[in-house]
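Everything on this sheet refers to the single structure shown next.
Only the coordinates and a few stated rules stand behind these numbers; no lab work does. What you see is a predicted model; the values in this text were computed from it and never measured. Every residue, glycine among them, receives a Cβ derived from its backbone with ideal geometry; neighbour counts consider all protein chains shown.
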Amino acid sequence: MMQFVITLPWAILLILFPLTGAIISFLWPTQSNKVGLVTVSFVLISVTFLAFSIIEHGVYHHAIGGWGSPLGIDLYADGLSLLMLLMTALVGLGVSVYATGYFSAEQSPRFWPLWLFVIAALNALFLSADIFNYYVTLELIGLAAVSLTAFGKSREAYSAAMRYLLATLLGSLLYLLGVVLLYHGFGSVDIATLSERCESTPILWAALTLISAGLLLKTALFPLHFWLPSAHASAPAPVSAILSALIVKSSFYIFLRLWLTIFGPLSEGAVENMFGLLGAIAVLWGSFQALRQTRLKLLIAYSTVAQIGYLFLAFSLAMSGAVVAWNAVVYLAFTHALAKSAMFLVSGNILYFGGHDRIMNLDRIAQHLPITTTAFALAGVSIIGLPPSGGFIGKWFLLEAALVQEQWGFVAILLIGSLLTAAYIFKVVSHAFTQSSLPHDSRPIPAHMEWAALLLAFAAILLGFFSSSILSVVGIGYPFELNGVKP
Amino acid sequence: MNWDTLIPFFVIMSSFLPALMIFALAEERRGLRITLNLIGVFVTLALVVFMFIGVYQGHHYETRLSLLPDLDMVLRAGPLALLFAALSSVLWLLTTVYAIGYLEGSPHRSRFFGFFSLCITATIGVSFSGNLITFLIFYEMLTLVAYPLIVHRGTEEARLAGQTYLLYTIFGGTLLLLGTVWLYTLTGTLEFTPRGFIDDVGEEHYFALVSIFILLIAGFGVKAALVPLHGWLPRAMIAPAPVSALLHAVAVVKAGAFGIVRVIYEVFGVEKAALLGLTQPLAVLAAITIIYGSVMALFQDDLKRRLAYSTVSQVSYIILGVAIVGPIATIGGVVHLVHQGVMKITLFFCAGNLAETLGIHKISEMNGVGRRMPLTMTAFTIGALGMIGIPPIAGFVSKWYLGLGALEADQEWVILILIGSSLLNAGYFLPILYRAWFLPTPDKWPDEHDLGPNETSLMLLIPPLITALLALGFGLLAASPYSPLEWVKLISRREFY
Amino acid sequence: MLFMYALTGVGLFFIGLYTLIIHVNLLRKILALNIMGCGVFLVLISLAMRSGYSSPDPVPHAMVITGIVVTVSATALALVLMLKVLEMTGKAELYDEEEV
């Protein structure tokens, strides 16, 4: 029985379920909350079964419609895709539970179709095996995300959404032009085929530049991060969580895939070092800016800018030979998604409770909203990289990689980054314990909103205890094999 | 089912689970909260005693949990671990009783006792850590869970004190992490081994080893209040007295000292550390701290601050004992872990009594208080005399062994430091005693409360009396087979022979 | 010959990019994006004829069609957002909140 269940085409369902759910919730507005929750639960179940399938049978291949590449679209899932899918499903569930309480009755019917559509597009992206499908899914995600960002209905929200839209479209176009060049140069859009055919020609380098630039813009790596803080801060809290936790990771995933399979084997190392340098600057700049903020959501948004820098630092270390850094990439991406979404949900709770998110006036939130404060503290522990958390494990791997490579500059950046991160996290926590001079009216928060935040933060901590299992699953299909070296 | 592998885990849970349950309790459920707390205390104590007996009989208690692909979290019950754990659990019992009395009627007690229990969880974890990464994890956990206790009062002043605390401790934690990972890349293991595990690291890594040592010592030195990393400790006195008593006299500060002991004995190995030229500078730094702390204490009028600087000074005795390479000095240093803990907690309990009952915060307000609160001041006197090093109180035993150890290791200058600091100790403790016993009482105390028919509430009175008796007992009965001194001699033997 | 079309496409791309970055008015930015898109599509189509084959490669044509659909939806969304920004701020420009 179990064997049969495992062989069902879960990957297809991962895309179909949320799409159907989006349509149903659009057509049935009054029940949109329930439809949404049911759909997201199905997504999580599907990911679980897909995981069993991959653990049992290895990498998952499926040709849609039986066509097969290069004309048809293939679905492909290895350990890395699985990790991303799981991340989406878990964060998705937490955010969905939260959203049922956060949005009013007239907002919900507009939220759920867009959000479920984003999930469908994200799943499709993580399951894709060719670079043009990446473009399509990137655009789908981008347009839906922009619409979600504009939910705020304020001047800042519309302007932030507009800036985000322009940036994301620019990024997609740069990426597309790169795809065009790759197709023209090597005759395929399928990743596996391209990795065999690619050679170090000017066309490849032009494509590499364009694609990397486009993806870096979408992932908001310094200095192309200008659109992120306003977009992530002015969106409603569940949307901010989705943006910071999932959507920036989607373009990073594509970046990883293309560099691992196509560009990496052909590159000398100078370009990767540049990414590492930009990542280092992002860590310092983002953390420093976060420290300066007076409003909580902007602080969290700048924290995302910094954390993305860590991802690229790890990438650069890994490409220059420290294979343990891939573990860091995996861990940092996954735990950041969980912890950052928890943080944004906390900010939503604080806004809901007190009507504002000024850090100086948090006024003993620790006493009024203990669950929320604990959620923030736990998420903060993971983001800073304090033990015992998933973030600590990620930081450990990163430090190990930097020390093995004797990259003392990166070591220093990592440590200074931790200190700055601790500074801005504890700035918030300390005000949560302190009495403020400005009292404010308070609204009671539905319990599931607080618990969603806490459970996501707790998951980030829990990841710190299962590194061996997680890493062995991620290794299925050897996604991080570079030039024949398997980590 | 091999119970031996689960006992260390249960010890951790015996304070962790009550903490979680206490968090969930409403403020008013006083009885249930006290019950849960005391159950946790007694179960922890019982398990520690159980392990004591078991280790004597040859049992091996070890819990392992895979953390990273090649690195485990390890909890192991060895003699040093049991010593520290026993100290922490007994003092936790006494401080819990004290805290219940002290915080009667204060707000946010569920939060307080919850984090209090978590501090114990972290301290027990630190004691039983079997390798450097487990130690690091519990050590950082201690940093985090002690924070809400420091900022408990919710004032801006408390927030700033907490900020200073975090600044120092997180910085120390970062140094620790760097040292640990670096060491791991060189040795491939982090298991605490008597005489150290850096044997296989080659000559070419000399610079790395020295740097790692400095990083680890600095990281631990922040909590152990080693000059110049001690700045957070006097500021942290803003916390309620039970917090100052347990954490700053016992848990947090001792965890730092304990870390240094572990690093020197079971990471580097004391003889290898001496070979690398690392122990002498550390001894000098410890000596500087001893003198500096005592000098600063002379100038403090606030009682808790004077005690804080005294702690800064006294903890470095432990470090000094460890840094002078020799078995007798080791005994002196490690046994001071226990002795100083017991004496200092007595002093802080008494300070808390004076503040709660009479509103006394400054030494200048203490005239004649010995007549008003004789039992409290007797306990204080015992603690103070022990700090100075007057026999037969425990402090004398530690200083005696330190002095003997210095002679044995050809470090005669240490004796000068010992004498000098004892004189300074007398300089800042004896005037207090004089004031308390021999000066006339003022007409009115700063802020008197009626706490019962005895000089103060029984829950505030009994704990310091018990700890004072322990201080006296550890000194008088030091030669008996069950004293801390005998236990420490066993530990020293394992390291040197 | 076809190569000239491809070059034109690249030229359009960069003209659009320049306009997108420099001009402040939102309508111009949206138009710039459209022009960039057209540039990319032009490159795609002109490179679809492969030497040695009798008929063009259909795959780029399919890509262009997909791209056009995406561009249309994106432009629609962008125009609506622009109108909302205009309504809220009175100007069809990105609202820059000073760092407080």
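Of note:
- Working ranking of peptides B:81-88, A:254-261, B:245-252 by packing, defined as the average number of other Cβ atoms within 10 Å per residue, highest first, is B:245-252, B:81-88, A:254-261.
- Distant-in-sequence amide H partners of B:Asp72 (H built 1.01 Å from N, under 5 Å): B:Leu67
- Close Lys-Lys pairs in chain A, where close means Cα under 26 Å and separation is 8 or more or interchain: 21
- Mean partner shielding of peptide A:148-160, defined as the number of other chain Cβ atoms within 10 Å of each residue Cβ, is 4.
- For the range A:310-318, the Karplus equation 6.51 cos²θ - 1.76 cosθ + 1.60, evaluated at θ = phi - 60°, returns couplings of 4, 4, 6, 4, 4, 4, 5, 5, 5 Hz by residue, with Gly and Pro reported as x.
- Extension gain, A:His62 to A:Gln367: 0.36 nm times the residue separation minus the Cα-Cα distance gives 104.6 nm.
- Relative contact order for chain A: 16 percent, from Cα pairs under 8 Å spaced at least 6 residues apart, divided by residue count.
- Across chain B, the longest piece that holds none of the GluC sites (Glu not before Pro) lying in DSSP loops with up to 14 other C-beta atoms within 10 Å covers B:105-411.
- Cβ-Cβ FRET estimate between B:Glu28 and B:Glu157, R0 fixed at 25 Å, reported to 0.05: 0.30
- Chymotrypsin sites (Phe, Trp or Tyr not before Pro) restricted to DSSP loop in the range A:34-142 with at most 16 other C-beta within 10 Å: A:Trp67
- Pairwise label distance in nanometres, C:Lys91 with C:Thr75, each label 7 Å out on the Cα-Cβ vector: 2.7
- Our helix-only sum for chain A, with -39,500 (n - 2.57) per DSSP H run of n ≥ 4 divided by its residues, gives a mean residue ellipticity at 222 nm of -24500 deg cm²/dmol.
- Based on C-alpha pairs under 8 angstrom that are at least 6 apart in sequence, the range A:1-156 has a relative contact order of 29 percent.
- J(HN,Hα) series, the range B:461-467, from Karplus relation 6.51 cos²θ - 1.76 cosθ + 1.60, nearest Hz, glycine and proline x: 8, 5, x, x, 5, 5, 5
- Across chain B, Cα pairs under 8 Å and at least six residues apart give a relative contact order of 14 percent.
- For the range A:144-182, applying the loop criterion from DSSP together with a ceiling of 16 other beta carbons within 10 Å to the trypsin sites (Lys or Arg not before Pro) yields A:Lys153.
- Counts of other chain beta carbons within 10 angstrom of each beta carbon in peptide B:404-416 average 0.
- Loop chymotrypsin sites (Phe, Trp or Tyr not before Pro), the range B:293-336, which have at most 10 other Cβ atoms in a 10 Å radius of their Cβ (DSSP): B:Phe299
- Cα-derived Rg over Rh, computed across the protein assembly as shown with Rh taken as Kirkwood radius: 1.03
- Separation of the C:Leu83 and C:Ile68 label points, Cα + 7 Å toward Cβ, nm: 2.4
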